[in-house]
Amino acid sequence: MRIIKNRGKLSGWLDISQSASGVVLAVFLWTHLLLVSSILLGKDAMTWVAKTMELSFLTADGHGYPWVVTVIAVVIAAIVLVHVLVAAHKMPLNLRQQKALKQQLSMVNHGDTRLWVWQAVTGVVIFLLLPVHLWLIGAAPETIGPYGSADRIWQQGVWLLYLPLLFCVELHAAIGVYRVAVKWGAVRDLNSRSRLKKIKSIISAIFIVVGIASLLAFLPYANA
């Protein structure tokens with residue numbers, strides 16, 4: 001009886017950790033994308049954002065501390081690792097679980113279950129691509145800016161990484177926040193759930209458009 005109680009307690013803590021880390025990462029993601037989208041306002045706006053992130057206002061020469069960005073990248077990597085580890089206990093990792101899920105999806109057209117599958121698939125892609133992005137940023141924080149970022153994205157071909165990552169993180173984050181709201185009782189009825197799904201789709205579409213526009217906005221600085 002005590003073993004069952006301890007397992008239930010552990011499962012509860014894992015659920016809380018997964019939800020909390022997921023919400024933190026979603027908020028960071030959307031904040032990060034808004035900061036990067038400053039390039040849409042021009043190179044001066046992007047430079048100001050980059051320097052502010054480096055705490056340039058704390059230094060006399062305005063150079064700032066680029067290593068702050070590296071620290072942020074390491075912290076985010078740690079939170080992602082926690083999120084992955086706690087989420088893994090619900091993933092269909094073996095063939096028997098995968099067959100059961102496939103059978104369930106073929107028999108019952110349950111929208112939230114399909115959203116969970118999409119979240120799992122995008123989560124795997126993010127797990128493969130995000131470390132590369134964090135390494136590129138954390139290893140050379142001083143290059144973040146209109147010209148350095150443009151060179152990395154377009155001259156070095158990193159847009160091939162960023163574009164699929166953009167789609168996956170936006171879909172994953174929006175679905176995740178929706179499922180957290182449903183899981184913890186923020187949605188009480190089917191009508192509210194339907195409205196929340198529409199909001200989720202709108203948020204994903206907006207941030208994907210903003211992300212693509214931001215990538216394209218770096219193009220003029222790649223050849224400068």
*asked:* Being in contact with a helix residue (DSSP H, G or I) (Cβ under 9 Å, 6 or more places away or on another chain), open to solvent by less than 80 Å² (accessible area, probe 1.4 Å) and modelled with pLDDT under 60 is the filter here; which residues of region 83-109 pass it?
replied: L101, L105
*asked:* Every residue in region 177-209 that is part of a helix (DSSP H, G or I), closer than 20 Å to V24 by Cα, modelled with pLDDT under 90 and of a type in the set (G, A, S), please.
replied: A181
*Among the residues listed as L55, L41, L29, L34, the single one being aliphatic (A, V, I, L, M), open to solvent by 50 Å² or more (accessible area, probe 1.4 Å) and touching a helix residue (DSSP H, G or I) at 6+ places or on another chain (Cβ under 6 Å)*: L55
*Count of region 15-62 residues which are of a type in the set (G, A, S), free of Cβ contacts under 8 Å to residues at least 12 places away in the same chain and assigned to a helix (DSSP H, G or I)*: 4
_S38 modelled with pLDDT of 95 or more and small (G, A, S)_ = yes
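Restricting to region 140-168, and then to whatever is β-branched (V, I, T) and part of a helix (DSSP H, G or I), can you tell me which residue is farthest from V124 (Cα to Cα)? Walk me through it before giving the result.
As a first pass, look at region 140-168 and keep what is β-branched (V, I, T): 143-144, 153, 158.
Then keep just the ones that are part of a helix (DSSP H, G or I); that gives 143, 153.
Numbers: T143: 28, I153: 23 Å.
Looking at residues that are β-branched (V, I, T) and part of a helix (DSSP H, G or I), I get T143.
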*If you check every pair at least six apart or on different chains, which have Cβ atoms under 7 Å apart with a residue in region 208-223 that is farther than 18 Å from P164 by Cα first and a residue that is part of a helix (DSSP H, G or I) and open to solvent by 70 Å² or more (accessible area, probe 1.4 Å) second?*
Y221/K43; Y221/Y147; A222/Q155
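The values are calculated or read from the model by the stated rules, or taken from the named source; none is laboratory data. From a predicted model like this one, the values you see are computed outputs, not experimental measurements. Reconstructed Cβ throughout: ideal geometry from the backbone, glycine too, with neighbour counts over all protein chains shown. Accessible surface areas use protein heavy atoms only, side chains included; no ligands, DNA or RNA. Shrake-Rupley method; radii C 1.70, N 1.55, O 1.52, S 1.80 Å.
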